[in-house]
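Have a look at the structure below, then the notes.
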Amino acid sequence: QVELVESGGNLVQPGGSLRLSCTTSGLLFFIYTMRWYRQAPGKQRELVAWTSQGGGTYYGDFMRERFTISRDDAKNTVFLQMNNLKEEDTGTYYCNAHLGLEDFWGQGTQVSVSS
């Protein structure tokens, strides 16, 4: 059974930082493209970043400036380092594992940026 568990979400003030983690089980982690998405209240889910097998990375629009995605294949975990957070970064952040026609999702972790 495949499982993705996100953690690290929290309430933080503007300008603060958070590091999200997504730990997986039940899949051959290193061959999957791992993605982070987010969904703000009342908005569609949007791609934040992904990292492919071997560590290649891609970022959604305007994400590269403040966010960094990384993976640790030995720990079956993908990370999202978020710096200089803004109120518009508020939302639920979801982890996704993608390979061909397969997509697995976590339950999400809540990030709230507010003064």
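Side notes on the structure shown:
- Spatially, segment 70-112 and segment 1-22 are offset by 7 Å when compared through their Cα centroids.
- Scaled against the 2.2 N^0.38 Å expected of a compact globular protein of N residues, the Cα radius of gyration of segment 50-115 reads 1.20.
- Nearest-20 debye value, the chain charge dipole, Cβ charges on Lys, Arg, Asp, Glu: 160 debye
- Subtracting the Cα-Cα distance of Ser7 and Gln110 from 0.36 nm times their residue separation leaves 36.2 nm of extension gain.
- Counting DSSP beta bridges with both ends in the chain, the antiparallel % (nearest 5): 95 percent
- Accessible area of the chain belonging to carbon and sulfur atoms, whole % at 1.4 Å probe: 46 percent
- Within segment 9-86, the chymotrypsin sites (Phe, Trp or Tyr not before Pro) that combine a DSSP coil assignment with at most 14 other C-beta atoms in a 10 angstrom radius are Phe62.
- The residues of the chain expose on average 55 square angstrom of accessible surface per residue, using a 1.4 Å probe on protein heavy atoms.
- Those GluC sites (Glu not before Pro) in segment 1-104 that DSSP places in a loop and that have at most 10 other beta carbons within 10 Å: Glu65
- In loop segments of segment 1-80 as defined by DSSP, the trypsin sites (Lys or Arg not before Pro) with at most 11 further C-beta atoms inside 10 Å of their C-beta are Lys43.
- Taking the chain and dividing mean pair separation by its residue count, relative contact order in percent (alpha carbons under 8 Å, at least six apart): 36 percent
The values are calculated or read from the model by the stated rules, or taken from the named source; none is laboratory data. Here the structure is a predicted model, which means the values were calculated and not measured. Note that we place each Cβ from the backbone using ideal geometry, even for glycine, and neighbour counts take in every protein chain shown. SASA here: full protein model, heavy atoms, side chains in, ligands and nucleic acids out. Shrake-Rupley method; radii C 1.70, N 1.55, O 1.52, S 1.80 Å.
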